[in-house]
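**Student:** To start, I am sharing the structure in question, which I have written as structure tokens.
Only the coordinates and a few stated rules stand behind these numbers; no lab work does. A quick note: this is a predicted structure, and the numbers were derived from the prediction, not measured. Cβ placement follows ideal geometry from the backbone for every residue including glycine, while neighbour counts extend to all protein chains displayed.
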């Protein structure tokens, strides 16, 4: 990337980093918890660490199919021993008789007296005997008790959003219930007299309300309890009343539209009447008018009405804010780097998070293509893309340079 000294900063607007820092500093994790069975814990945030009830493995076991022996009974390669027992996984073996070998299978307990397992590929068996084809060493192919997890050891930290592998790990140590934070309650409404519910006739000048469904889906993906207040007319008193009702029911109020400075934009004055507004504009594209404040006991987040702006600002700001409020330890998304397959010759005063698609060329190099439209009204661009490329303030990009990329997989 190359600098361009001709791009001034924007006064009165918070930078992306300042805005995110402010939001996270104001995000107070919920305190309520509940116990849930493993079958109901997917996607929840762990409130208490999980410790193991047992050693894993719970006994010394064989890592391979082969023969359990005493090292002292195999002085050299070519030693032949009688096979005294067969030990499949799940069985309880007898102590290994001195001067004998035991046929053993992967995962089976090591018999008392055994100190080595010889893989079957170097052995020849027949007529109740086995010939060991190599010199053996103590401890080979044996997995020791507690080698993976010790009894009482913490295996999942509090603040973890529980994925399928966490549930499996908890089950593997005998834990059947987990203490998780209660779900965050989020009330949503959209502003605009032009909005029509999908399925209804579309009169002249009207558009279908996509933001309601985008916001609901994003919140549900974060395991929030969604309170849908529908569409609020473009009227100050109606907006005030909607916010009053929302703040009485929810931990967070999320509004789409009405946060700009037009005559029909009533969110800002409504928030200021009922509470306080701590942030209003951010030096990013898309989504400059992003509002954050408090209404009664609820937090407030207001996004622009343009569908791409709603989508992007939710991922960049509402998502990490919600994660912290849910009790998560890690809230800020991780970027990856890829090679730009595009030119960006004109620097912008604002940091841009442009829709981009990550792909791999024939040589396996990760490359990024960008959507041709910068319009925040082209919702199809966020289904074409699989993430956002970060274009820093005042920077140009030439094809072949390395750039930062936020994959949707990380953001969701």
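**Student:** Between residue 127 and residue 361, what FRET efficiency follows from the Cβ-Cβ distance if R0 is 51 Å, with the result rounded to 0.05?
**Tutor:** 0.25
**Student:** Just to verify a number: FRET efficiency for residue 21 and residue 148, C-beta to C-beta distance, R0 = 41 Å, to 0.05? Can you show the working numbers first?
**Tutor:** On the way: r = 39 Å, r/R0 = 0.95.
Efficiency for this residue pair is about 0.55.
**Student:** Jot down the radius of gyration and Dmax of segment 8-148, Cα atoms only, both in angstrom.
**Tutor:** Over segment 8-148's Cα set, Rg and Dmax evaluate to 27.5, 89 Å.
**Student:** Sticking with this structure for a sec: Could you work out how far apart the two model spin labels at residue 135 and residue 197 are, taking each label as a point 7 Å from the Cα in the direction of the beta carbon, and quote it in nm?
**Tutor:** For the pair residue 135/residue 197, the computed spacing is 8.2 nm.
**Student:** Shape call for segment 109-217 from the C-alpha gyration tensor, a ≥ b ≥ c root eigenvalues: rounded (a/c under 1.5), prolate (a/b greater than b/c) or oblate?
**Tutor:** Taking the square roots of the gyration eigenvalues as a ≥ b ≥ c, segment 109-217 is prolate.
**Student:** Let me ask something additional. For the chain, what D do you get in µm² per second when you plug the Kirkwood radius from alpha-carbon pairs into Stokes-Einstein at 10 °C and 1.306 mPa s?
**Tutor:** 62
**Student:** Per the Debye formula with a single identical scatterer at each Cα and no solvent contribution, what log10 I(q)/I(0) holds for segment 141-184 at q = 0.17, 0.25, 0.28, 0.30 Å⁻¹?
**Tutor:** With one equal scatterer per Cα and no solvent, log10 I(q)/I(0) is -0.58, -1.03, -1.19, -1.27.
**Student:** Modelled label-to-label distance, residue 346 and residue 28, 7 Å Cα→beta-carbon offset: nm?
**Tutor:** 4.6
**Student:** Within the chain, what percent of beta bridges assigned by DSSP are antiparallel, to the nearest 5? List each step's numbers first, then the result.
**Tutor:** On the way: 59 of 86 bridges.
If we restrict to bridges inside the chain, about 70 percent are antiparallel.
**Student:** Sort out for me the Cα centre separation of segment 87-109 from segment 154-180, rounded to whole Å.
**Tutor:** 33
**Student:** Give me the compactness ratio for segment 61-143, meaning the Cα radius of gyration over 2.2 N^0.38 Å.
**Tutor:** In units of the 2.2 N^0.38 Å rule of thumb, it is 0.92.
**Student:** Could you state the principal axis extents of the C-alpha atoms in segment 336-411, from the largest down, to the nearest angstrom?
**Tutor:** Principal-axis extents of the Cα atoms in segment 336-411, largest first: 34, 25, 21 Å.
**Student:** Take the alpha carbon atoms of segment 349-412, find their center, do the same for segment 221-253, and report the distance between the two centers in whole angstrom.
**Tutor:** Going from one Cα centre to the other spans 32 Å.
**Student:** What FRET efficiency, computed as 1/(1 + (r/R0)^6) with R0 = 45 Å and r the Cβ-Cβ distance, is obtained for residue 273 and residue 378, rounded to the nearest 0.05?
**Tutor:** 0.85
**Student:** What base-10 log of the normalised intensity I(q)/I(0) is obtained for segment 156-236 from the Debye formula, alpha carbons as equal point scatterers, at q = 0.11, 0.19, 0.26 Å⁻¹?
**Tutor:** Log10 I(q)/I(0), no solvent term: -0.50, -0.87, -1.23.
**Student:** Using helices alone, I'd like the mean residue ellipticity at 222 nm for the chain: each DSSP H run of four-plus residues gives -39500 (n - 2.57), total over residue count, nearest 500.
**Tutor:** It comes out at -5000 deg cm²/dmol, rounded to the nearest 500.
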